[in-house]
Every structure is written in structure tokens, then in C-alpha cells.
Amino acid sequence: MRLDRYISRFVGLSRSQSRSIIRNGRVTVNGLKIRDVSLDVRLESEVSLDGTRVEAFDTVTIMLNKPAGYVCSRSESEGPKVFELIQGNFVDELSIAGRLDKDATGLVILSNDGKFVHTVISPRKKVEKEYHVCTELKVSDEQLTCMRQGLMIGPEEFSRPLAVERRGDKELTITLIEGRFHEVKRLVKASGNTVIRLHRRRIGNLLLPTSLEEGSWVFLDEESLKKITGAL
Ligand code: URA
């Protein structure tokens, strides 16, 4: 990759700004001051700006424990965005592999790997998403049966979860393959009840660790990625 593109991508500057700082002699590559903006550098090259190592990245995937009140969107203006919780020069490249509603909490996966994001959200790939749900009313046996059999959740929309388990009088675990807009809330509504709390705790075989505090995030390693896509 050209040096000006490397600086622009990994420092987060425009291409013209990165050319200017290279020409001003502020960049070194493997210890040598370089003013040639078109120099070919590799991801593993040691590039520094003003003496500080520039951190390069290729694909980045993270998991976030989303707190309530944050939107999973770049465009919505209603409230703070989940991207504000993440620090790093890769943030602008991240896409969300399955959104959560503003009032929902729990596991959100973000990645700059488009193919991976598509695998997680595509219904055809059958990646499970498990939600803990608190309801307004006691869940009746009839409601449970209806949800298990599947319900119309829109004029021409049928939803049949993979599993619905009772966790308490007003608590359920619902597992979906798809993640259609407000799918859990609409399913519970169609059964005659209302969701008052929604928390995603699992995607594929990856569980949200209890050690990851609300608002915190971590990079995912190869093993965790395989847990999500089922390759493990
Ligand atoms: N279903 C919903 O209703 N909301 C979510 O955030 C996720 C799934």
C-alpha cells in the first residue's frame, strides 16, 4: 500500500493531509525518514509519525456490551451512537452485524469485514441469536404455545422462533435465526404480551462474557469468530 494511503487510513487523515505530513519529514518507515508519498509499505512495516508508531490493522472484529440508550446506527440522530463507545482508528470502517434497538442491551458484533458481517446477518447462514426477554404480563401457556408455533407479526410477515423457553413468570429466552426489524418485540406483542426488557446474550456459539461490562468492548480472536459462524 502507498505510504500516503497507509497514513491516511491508519492515522485517520485525508489523503492530502497525509501527503503534507510525509513531505514535511514527520514520517519514518523502518527507522528511516521518508518524504516519498508513493513508497510501497506493508501492514507489518514499522511506520511512525512524529516518533509514535502508527498501528495498522487489516480486518477488525469486536464485541460490545451495548448499554440501553445507544443507537446502532450511523445516521439516526436520536441519541448517542454505539460507535462513540469504541476507540480506535478503525471505528469509521466498522459495520454492525445485527442491530439492537435503542432500549435493548447486550451483545453487538461490529466488523470491517463485509463478508463476515453478511454471514452473521444472513438468514441463510442460520446463525442463532439468543435474547433474554422480560415481559409486562405473566407469560401464559397459551402465549408460549402460540410463539413456539409461530405468529403473524406484520401484514405478510410470519415469525417462528427456533426456540422459546420460559425462564420465570415474566421472563423468556427466545432464539431466532433471523433478526428482522423489532422481531422479538413484534412476536411477543402478537402473542398478547409486551416486551419491557430485551437483552441479547448469544450470537452463534459466542456468549456475551459476564466479565465484559456494559459499554465495554474487546477484539475478537480467530477462535471467537469461528464460534459465531459455526466453523468451530
Ligand atoms: N428484536 C427486537 O425486537 N429488537 C431487537 O433489538 C432485536 C431483536
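Here are a few things to note about the model shown:
- Of all residues in region 131-154, those that are at positive phi have Cβ atoms under 8 Å from Cβ atoms of residues that are among the polar types (S, T, N, Q), 6 or more apart or on another chain, in G150/S159.
- Among the conditions (1) touching a Cys at 6+ places or on another chain (Cβ under 8 Å); (2) part of a strand (DSSP E or B), the only one that E165 does not satisfy is (1).
- Positions within region 87-108 being away from the ligand (no atom under 13 Å from the Cβ), at pLDDT 95 or above and of a type in the set (A, V, I, L, M, F, W, C), in sequence order: L94
- Of all residues in region 116-125 being in contact (Cβ under 8 Å) with a residue 60 or more places away in the chain and out of contact with any Lys or Arg (no Cβ under 7 Å at 6 or more places or on another chain), the one that is nearest to the ligand (Cβ to nearest atom): V120
- Looking only at region 22-50, and only at residues there that are under 19 Å from F90 (Cα atoms) and of a type in the set (A, V, I, L, M), the one that is surrounded by the most Cβ atoms within 10 Å (Cβ to Cβ): V47
- Sole residue being of a type in the set (D, E, K, R), surrounded by 13 or more Cβ atoms within 10 Å (Cβ to Cβ) and within 33 Å of the chain's Cα centre (by Cα), chosen from R53, R19: R19
- So R200, is it in the same structural domain as F219 (by TED's automatic domain parsing) and either in a strand (DSSP E or B) or touching a Leu at 6+ places or on another chain (Cβ under 8 Å) (or both): yes
- Looking across region 166-191 at every residue that is more than 8 Å from the ligand (Cβ to nearest atom) and surrounded by fewer than 14 Cβ atoms within 10 Å (Cβ to Cβ), the one that is farthest from R124 (Cα to Cα) is identified as D169.
- Here R99, R15 are screened, and the one residue that is basic (K, R) and outside the structural domain of L212 (by TED's automatic domain parsing) is R15.
The values are calculated or read from the model by the stated rules, or taken from the named source; none is laboratory data. From a predicted model like this one, the values you see are computed outputs, not experimental measurements. FYI the Cβ positions are ideal-geometry reconstructions off the backbone, even for glycines, and counts take in every protein chain you see.
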